[in-house]
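Following: one structure in structure tokens, then a few remarks.
The values are calculated or read from the model by the stated rules, or taken from the named source; none is laboratory data. From a predicted model like this one, the values you see are computed outputs, not experimental measurements. For neighbour counting, all protein chains shown are included, and Cβ atoms are generated from backbone atoms with ideal geometry for every residue, glycine included. These accessible areas exclude ligands, DNA and RNA; they are computed on the full protein's heavy atoms, side chains included. Shrake-Rupley method; radii C 1.70, N 1.55, O 1.52, S 1.80 Å.
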Amino acid sequence: MQLRPLGQTGLLVTPLGFGAFKIGRNEKVKYPQPYDLPDDAAVERLLHGVLDAGINLIDTAPAYGISEERIGKCLASRRSEFVLSTKVGERFVNGESSFDFTGAGVRASVAESLRRMRTEVLDMLFVHSNGDDLAIQQQTEVVPTLQKLKHAGYVRAIGFSGKTPAGAVAALDWADVVMVEYHLQDTSHADTIASAASRGVAVVVKKGLASGHLPPADAIRFVLSNPHVASVIVGGLSLEHLKSNIATAEKAESSRQ
């Protein structure tokens, strides 16, 4: 896959990124089929297979159970080969989510993510919204805290992963990257994606397959046909399915040229 520029961050990403939710959590999920968490050996094969197949973007979060820890354990030796994306704000413990957007909470979350993933810097750090997108940005310490962490060198690019177009638009004032839901059944962020591009803010798409409810080939082609999308995050536990998705992404890329 050809690398795409991630806005003005200086980072380059593959048009298909790997979402590491399923390697860490299987409780309270929105996928159509239940699944067992893979064992450590299966996770190691999968993560190395992701990189070997040509994907260079891996997206995770503290709310994804043991995902961060597993990424650190398996891929610390290959850290220079991929762009690492995680989040702050949400934790998932004992089957329940909790949210903390205070400065102290955000700093502690980043410190734990760095430790778990055995890295000195996070390439992308998103706010993991609870849905109250505007209040989080306007009434909490999360945005200035992320800016300070970036200035201190712990993070290369900061962004917002929200629920609403209004939240994404507000983030264009400070974010390097926005992560938005965009797929065949939900194009509500289409105008926001165009606005982000006009302002030099990168766009990463989440839930491009509508949490597994859309056929991957059609869904990936649709998302990547938008010239302003840097990458779409796709999860899964099957390396063969992932390779098929890579082939689709490559075809979508070639059709744009």
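With a threshold of 21 Å on the Cα-Cα distance, the over-threshold entries among 73/163; 22/73; 28/163; 87/206 are 73/163.
The residues 123, 186, 173, 132, sorted by heavy-atom accessible surface at 1.4 Å with ligands and nucleic acids left out, run 173, 132, 186, 123 from largest to smallest. The distance between label points at residue 80 and residue 198 comes to 4.1 nm (points 7 Å beyond Cα on the Cα→Cβ vector). For the stretch 1-54, the solvent-accessible area works out to 51 Å² per residue, with a probe of 1.4 Å and every protein chain left in place.
Computed as a quarter of the hull surface, the mean projected area of the alpha carbon convex hull for the stretch 110-167 stands at 4.1 nm².
What you get for the chain, charging only the Cβ of Lys and Arg (+1) and of Asp and Glu (-1), is a dipole of about 340 debye around the Cα centre. In a reduced charge model with +1 at each Lys and Arg Cβ and -1 at each Asp and Glu Cβ, the stretch 1-131 shows a dipole moment near 140 debye about its Cα centre. Quick note on the stretch 87-216: its Rg to Rh ratio, both from C-alpha atoms and Rh being the Kirkwood radius, is 0.97. The GluC sites (Glu not before Pro) found in the stretch 181-257 include none that occupy coil by DSSP while having at most 11 further C-beta atoms within 10 Å.
Under the convention that each Lys and Arg Cβ holds +1 and each Asp and Glu Cβ holds -1, the size of the dipole of the stretch 1-41 around its Cα centre is about 280 debye. In the assembled protein chains, residue 199 presents an accessible area of approximately 120 Å² (probe radius 1.4 Å).
In terms of the Cα gyration tensor, with a ≥ b ≥ c the square roots of its eigenvalues, is the stretch 196-251 rounded because a/c is under 1.5, prolate because a/b exceeds b/c, or oblate? Prolate, because a/c is 1.5 or more and a/b exceeds b/c. Spin-label model, residue 213 to residue 104: label points 7 Å out along the Cα-to-beta-carbon direction sit 4.0 nm apart. Once Rg and the Kirkwood radius are both taken over the C-alpha atoms of the stretch 1-123, their ratio Rg/Rh works out to 0.96. In the context of the full set of protein chains, residues of the stretch 191-248 present 39 Å² of accessible surface per residue (probe radius 1.4 Å, heavy atoms only).
Among the listed options [x] 31; [y] 19; [z] 23, the one matching percent of Cα pairs over 30 Å apart as calculated from these coordinates is [y]. With all protein chains in place and a 1.4 Å probe, the accessible surface of the chain carries 49 percent carbon and sulfur.
The modelled label-to-label distance between residue 97 and residue 173, using points 7 Å beyond Cα along the C-beta direction, is 2.5 nm.
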